[in-house]
Amino acid sequence: MRIILLSLVSVLIASAALAVNWPIPPVTVSHPLGNNWGNYQNYGGSGYFHNGIDVITPDTSGAEVRAVRHGWVKGWGTIQAELHYRVAVCDTNSSFTGRAEGWLYAHVDATRPHKNVGDEVQEGELIGYLVAWPLDATFDHCHFARISDTGATWMRFPNVTWWFTQNPLTIIRPNDDLLVPVFEDARTGTRFAFTNNNSSTYQQPTGLVGDIDIIARIHDKTGYTTGNAIWDKLAPYQIDYCIKSQGGTIVVPWTVSLQFSNILDATNTGVVYKTDNTCRSRGDYDRREYFFIVTNTDGDSIIESTDNQGKWATATVGDGNYWVMVRAADVFGNTTVDSMLVTTANGTSVAEQPVAMLTRPLVATPNPARGPVTVRFALGKEARGRARIIDQAGRIVATLADGILPAGEQAYRLGRLAAGIYTVELTIDGADRYSRQLVVAN
């Protein structure tokens, strides 16, 4: 069964106050992308997350690079020879030495006019020009990112200390991508693949046993990189999954697998991407294949090493047929849901299934919000629970409940939050985790 949905309500609503134009002229027109925030990449060394967006210029050389916001240049240098010179423009001037945010513009030509450390730049002002990219003569590109650092200057080259803090596509305008993410078969003839938890021992979907990982092969498309099937395969913004019986009983509620929105830790690529000989993620000049381990999650949007403890414990649901459903979305809100019918075979009966703790799902209303928010859910029985609000950087901004929660309806009202994208996280008895994304606009 395959369902395709299209949402015209973008998660970008939350970032309206920080909206910026594109760094390459024309700045008010969407541009092709060569890589997304979070793409798996490996050019012969070890795999890593791509920590920016690559705005490419097909069949155009030496394109201008324009500042997206007013600021001061705190960094100019290279991490690797002449192809990797970059300008870092901070939101605050050099008199401020604490941690501050700014913008990274990489692959600037050092032999042509460009901005230097100490320069003040205005929004839309020329920063420099893209360097010719000799590894592929069909394009140049600007690696663009939202970053932060400390100090009067950010000149620690080649060992930069920047944090890459936010997916630029949640900020950049316009973003009028109308194409949905695409699912491909993870293995020949099967939409998803299934392995023993944290293993490369694969199971057949007709007889799943024990603790397993679910693997989905997904890529996002924009349509702007016309005629190039390789480049128009990007990582999606968010992946969720749920599992329900063939009769419709939900045994695993919709759970966030990952969200490429905030800080990426390069050591956690193995939590997100499968890279064995059967499901091999690739990201280079010749191939883009992304195999996501959708069960490696604790239910929130933050990618952590401990997420590899996530799994589907098939023995807890009883033997039978189940729909595995996976949902992928891009930043603009274009969404695809795909599914596959599988069979569990642990020797346990359906009657042994545990009763779901939530009798009414976790919701936050209104969403998107422009004022106070109410978080609601209902418990089937008294339990120890914790409900909290987490921002994109992983900080806890509000704890709504933490202790013994009574059975029945729960409602928690919190005041106005700063504009942004948040995760509403509910944990029951330290094990069952539920989450919902909350968008707060100005």
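One residue stands out in region 251-290 among those that are over 26 Å from V363 (Cα atoms) and of a type in the set (G, A, S): the one that is surrounded by the most Cβ atoms within 10 Å (Cβ to Cβ), namely S281.
Quick grid of which residues meet (1) of a type outside the set (S, T, Y); (2) modelled with pLDDT of 90 or more; (3) closer than 15 Å to D91 by Cα:
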position: H141; (1), (2), (3): yes, yes, no
position: S148; (1), (2), (3): no, yes, yes
position: G151; (1), (2), (3): yes, yes, yes
position: F157; (1), (2), (3): yes, yes, no
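Taking region 356-370 as the range and being of a type outside the set (A, V, I, L, M) and assigned to a loop (DSSP other than H, G, I, E, B) as the test, the residues that pass are P366, N367, P368, R370. Quick one: in region 295-306, which of the residues that are assigned to a loop (DSSP other than H, G, I, E, B) and either touching a residue at least 40 places away in the same chain (Cβ under 8 Å) or of a type in the set (A, V, I, L, M, F, W, C) (or both) is nearest to I215 (Cα to Cα)? Applying the filter and picking the extreme gives T295.
Could you tell me whether region 371-390 includes any residue that is among the basic types (K, R) and part of a loop (DSSP other than H, G, I, E, B)?
For region 371-390, residues among the basic types (K, R) and part of a loop (DSSP other than H, G, I, E, B): present.
It is to be established whether one or more residues within region 278-294 are over 23 Å from the mean Cα position of the chain (by Cα), assigned by TED's automatic domain parsing to the domain that holds I218 and not in a loop (DSSP other than H, G, I, E, B). No - not one qualifying residue is present in region 278-294. Reported count of residues in region 175-189, each being farther than 14 Å from R288 by Cα and either of a type in the set (D, E, K, R) or free of Cβ contacts under 8 Å to residues at least 40 places away in the same chain (or both), is 6. If you check Y412, Y434 for being touching a residue at least 60 places away in the same chain (Cβ under 8 Å), of a type in the set (F, W, Y) and part of a strand (DSSP E or B), only one passes: Y434. The number of residues in region 214-273 that are closer than 22 Å to H31 by Cβ, hydroxyl-bearing (S, T, Y) and in contact with a Ser or Thr (Cβ under 9 Å, 6 or more places away or on another chain) comes to 4. For region 393-427, a residue qualifies if it is surrounded by 19 or more Cβ atoms within 10 Å (Cβ to Cβ) and either of a type in the set (S, T, Y) or in contact with a Gly (Cβ under 6 Å, 6 or more places away or on another chain) (or both), and the qualifying residues are L405, Y422, T423, T427.
The values are calculated or read from the model by the stated rules, or taken from the named source; none is laboratory data. Everything numeric in this text was worked out from a predicted model, so none of it was measured. For neighbour counting, all protein chains shown are included, and Cβ atoms are generated from backbone atoms with ideal geometry for every residue, glycine included.
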